[in-house]
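The values are calculated or read from the model by the stated rules, or taken from the named source; none is laboratory data. What you see is a predicted model, and the numbers here were worked out from it, not measured in a lab. Neighbour counts run over all protein chains shown; Cβ positions are idealised from the backbone, glycine included.
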Amino acid sequence: MMKCYHVDAFANRPFEGNPAAVCVLDRYPSDELMQKIAIENNLSETAFTVKEGDHYHLRWFTPGGEIDLCGHATLGTAFVLFQYFEKDAKSITFRTMSGPLTVVRNGDLFEMDFPAYQLKSVPVTDAMAEAIGVRPVEAWIDRDLICVLDNEEDVKNARPDQAKLKELDGLLQHITAKSAEFDCVSRSFAPKLAVAEDPVCGSGHCHIVPIWAKKLNKDRLVARQASPRGGTLYCKMNGDRITLAGYAALYSVAELFVEV
């Protein structure tokens with residue numbers, strides 16, 4: 001039997017932010033079983049973590065496969081560990097595919113230290129416009145494709161063609177624009193990982209924040225994910241690293257009747 005925590009990340013109450021499943025284990029089950037659990041949970045990410053000495057090893061699985069970096073499931077995992085396993089800790093360090101990631105507890109806010117992606121500008125194409133439904137003014141790529149739109153209403157009202165998004169470069173596709181209320185707004189789509197829209201994407205903001213930090217000439221930004229659920233990220237550029245901070249709320253705790 002395995003305990004599974006359902007946490008809404010980048011939210012201070014349930015039913016907002018990005019839901020993640022978190023499994024805290026003594027040892028990892030097979031990759032096949034972790035993938036089946038991620039598919040069964042049908043959330044954008046299920047996180048599995050095992051304690052190793054003074055740190056934790058952390059892996060993230062989408063319904064479509066394992067991924068190299070995930071912000072909201074890292075936040076959700078840290079929330080669970082601080083609440084139930086490391087109640088006196090001020091910080092937790094994870095060993096991950098993207099190197100060591102540290103989460104610091106600052107009251108009810110969880111601050112995550114992540115690597116910034118190294119973006120390069122790419123030409124805007126007709127395929128991008130057809131997939132998104134509006135023509136971007138700029139496009140950037142590293143792991144993911146980021147399309148900058150002319151205004152935030154285009155981001156909020158976009159109804160992308162999922163099949164056409166699959167044909168674009170990048171593991172995920174993000175659309176973003178400058179915001180009147182926040183520094184920027186964005187939405188994130190991951191049809192290649194069997195996730196139509198990621199409600200709040202932390203790793204996506206490791207692409208998005210460097211763009212807006214440079215455009216706005218500021219190193220502290222408040223970013224809003226304009227998905228139907230919505231979520232807010234408090235971001236700071238630190239050279240080639242980014243601090244992503246947010247709140248989290250516990251939705252449920254379940255027992256999974258599976259053999260580990």
Next item on the list: Give the number of residues within the range 1-21 that are outside any loop (DSSP other than H, G, I, E, B) and either surrounded by 24 or more Cβ atoms within 10 Å (Cβ to Cβ) or out of contact with any strand residue (DSSP E or B) (no Cβ under 7 Å at 6 or more places or on another chain) (or both).
Entry: 7
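Every residue, every condition in (1) outside the structural domain of residue 108 (by TED's automatic domain parsing); (2) part of a strand (DSSP E or B), yes or no:
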{"position": "164", "(1), (2)": "yes, no"}
{"position": "176", "(1), (2)": "yes, yes"}
{"position": "187", "(1), (2)": "yes, yes"}
{"position": "218", "(1), (2)": "yes, no"}
{"position": "222", "(1), (2)": "yes, yes"}
{"position": "252", "(1), (2)": "no, yes"}
Item checked: Matching residues in the range 111-130 - criterion: being exposed (fewer than 13 other Cβ atoms within 10 Å of the Cβ), in a loop (DSSP other than H, G, I, E, B) and in contact with a strand residue (DSSP E or B) (Cβ under 9 Å, 6 or more places away or on another chain) -> 123
Check: Across the range 36-51, what is the total count of residues that are surrounded by fewer than 20 Cβ atoms within 10 Å (Cβ to Cβ), touching a strand residue (DSSP E or B) at 6+ places or on another chain (Cβ under 6 Å) and of a type in the set (S, T, N, Q)?
Finding: 0
Checklist line | Residue that is farthest from residue 109 (Cα to Cα), among those in the range 203-228 that are surrounded by fewer than 19 Cβ atoms within 10 Å (Cβ to Cβ), touching a strand residue (DSSP E or B) at 6+ places or on another chain (Cβ under 7 Å) and charged (D, E, K, R) | finding: 219
Item checked: Odd one out for residue 61, checked against (1) more than 15 Å from the chain's Cα centre (by Cα); (2) over 20 Å from residue 233 (Cα atoms); (3) not in a helix (DSSP H, G or I) -> (1)
Next item on the list: Return a yes/no flag: does the range 141-151 have any residue that is surrounded by fewer than 16 Cβ atoms within 10 Å (Cβ to Cβ), part of a strand (DSSP E or B) and on the phi < 0 side of the Ramachandran plot.
Entry: no
Next item on the list: Could you please let me know if residue 164 is exposed (fewer than 14 other Cβ atoms within 10 Å of the Cβ) and basic (Lys, Arg)?
Entry: no
